[in-house]
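In what follows, a structure is listed as structure tokens, so that the remarks can point back to it.
The values are calculated or read from the model by the stated rules, or taken from the named source; none is laboratory data. Source: prediction; values computed, not measured. For neighbour counting, all protein chains shown are included, and Cβ atoms are generated from backbone atoms with ideal geometry for every residue, glycine included.
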Amino acid sequence: MSNRYGYNNVLGLLAAFPDEAACAEHLAALRWPDGITCPLCASTRHFTHMNRPGKYVCGDCRKQFSVRKGTVYEESRLPLRKWFLAAFLMTTSRKGISSLQLAREIGVTQKTAWFVLGRLRKAAEQASSRAGTLPGPVEADESYFGGRNKNRHTRDRLPGRGTANKMAVAGVVSRTSGQAVARQIEQPDRATLIPFVEGVTAPGSTIYTDTHSGYDGLSSLFNRLTHETVNHSAGEYVRGKVHTNGVESFWALLKRGYHGVFHDFSQKHLPRYLAEFSHRWNMLPLSSAQRVDALLKAGIGERLTYEELISEPERGYSRV
Ligand SMILES: [Zn+2]
């Protein structure tokens with residue numbers, strides 16, 4: 001039998017999961033590592049496996065349920081194999097995958113592909129919100145997306161190359177674990193950056209930033225952070241261990257995805273793209289099989305309907 005936990009390419013994935021039954025079994029194993037629990041009455045006693053993959057009858061409440069019940073895979077007739085393949089492509093493509101390309105790869109409409117990606121991004125968002133603080137030393141930095149003048153009508157162009165109308169994003173990358181956390185922010189000011197950086201960084205860590213005033217005072221606050229800066233505006237980028245090259249690599253990857261794959265992140269969806277990119281970045285040390293499992297597992301217990309995805313109001317900025 002092919003190894004469901006050890007494949008490293010798309011052929012391995014397809015061999016390990018030849019049909020819906022194999023996928024349903026695997027999703028059940030990820031969902032209930034200690035044995036099936038009824039999502040309706042929480043019974044852990046006895047279940048009858050119905051003839052359809054992933055469908056059970058609870059011996060206590062007598063109701064039927066699916067392994068997809070209460071997950072992002074619910075209310076979707078899409079075969080689990082396509083979900084697995086989508087999770088594989090999303091977590092192993094360095095810059096992510098567009099809905100147009102995913103539609104071609106898994107043989108669905110672009111609308112369906114867009115929905116699948118939206119749900120998997122939601123799963124990634126859940127995974128990052130459950131992650132703990134980053135072990136130090138860490139690097140923090142901010143960046144900007146969107147609002148590029150060359151994409152605007154001439155009458156709407158802004159003077160200069162400032163950051164007006166751009167979306168601001170703050171990020172922290174751990175030098176120890178390599179993990180990244182990124183969040184959309186309203187203003188790159190102290191009131192926003194300091195609580196964000198402190199909130200995601202383990203107490204007592206050393207933190208490296210540039211000399212942007214938004215980080216002033218990091219070291220004097222309760223988190224016992226040691227703060228060291230490089231002066232980018234004076235042409236200083238590296239002073240021994242003091243630099244922000246790690247977090248800048250993360251921004252560079254995000255920008256390559258922004259320009260090369262997605263062309264635009266809307267303000268509404270930016271938090272989910274950030275979650276997708278940081279999740280993928282954080283999964284880099286894992287094998288393909290582990291990445292797929294991590295994403296599939298993050299989608300269990302989190303449900304998002306198509307209606308919610310399209311009707312969701314513009315999100316407010318993260319105030320942290
Ligand atoms: Zn039950």
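Miscellaneous remarks
- Residue within segment 13-30 that is surrounded by 13 or more Cβ atoms within 10 Å (Cβ to Cβ) and within 16 Å of the ligand (Cβ to nearest atom) present: yes
- Residue within segment 149-164 that is small (G, A, S) and modelled with pLDDT of 90 or more present: no
- Given (1) exposed (fewer than 13 other Cβ atoms within 10 Å of the Cβ); (2) more than 16 Å from the ligand (Cβ to nearest atom); (3) of a type outside the set (V, I, T), index of the condition G35 fails: (2)
- Flag for S76 being closer than 30 Å to G260 by Cβ and assigned to a loop (DSSP other than H, G, I, E, B): yes
- Qualifying residue in segment 108-118 (condition: over 22 Å from R4 (Cα atoms) and part of a loop (DSSP other than H, G, I, E, B)): yes
- Filtered residues of segment 45-55 (kept if among the charged types (D, E, K, R) and either more than 14 Å from the ligand (Cβ to nearest atom) or assigned to a loop (DSSP other than H, G, I, E, B) (or both)): R45, R52
- Number of the exception - A42 against (1) among the hydrophobic types (A, V, I, L, M, F, W, C); (2) surrounded by 19 or more Cβ atoms within 10 Å (Cβ to Cβ); (3) part of a loop (DSSP other than H, G, I, E, B): (2)
- Residue in segment 49-60 that is at pLDDT below 90, over 26 Å from the mean Cα position of the chain (by Cα), surrounded by fewer than 20 Cβ atoms within 10 Å (Cβ to Cβ) and not aliphatic (A, V, I, L, M) present: yes
- Residue that is nearest to the ligand (Cβ to nearest atom) [pool: residues in segment 56-111 that are of a type in the set (K, R) and touching a residue at least 24 places away in the same chain (Cβ under 8 Å)]: K63
- Any hit, segment 247-256, residues being farther than 30 Å from W114 by Cβ, of a type in the set (A, V, I, L, M, F, W, C) and not in a loop (DSSP other than H, G, I, E, B): no
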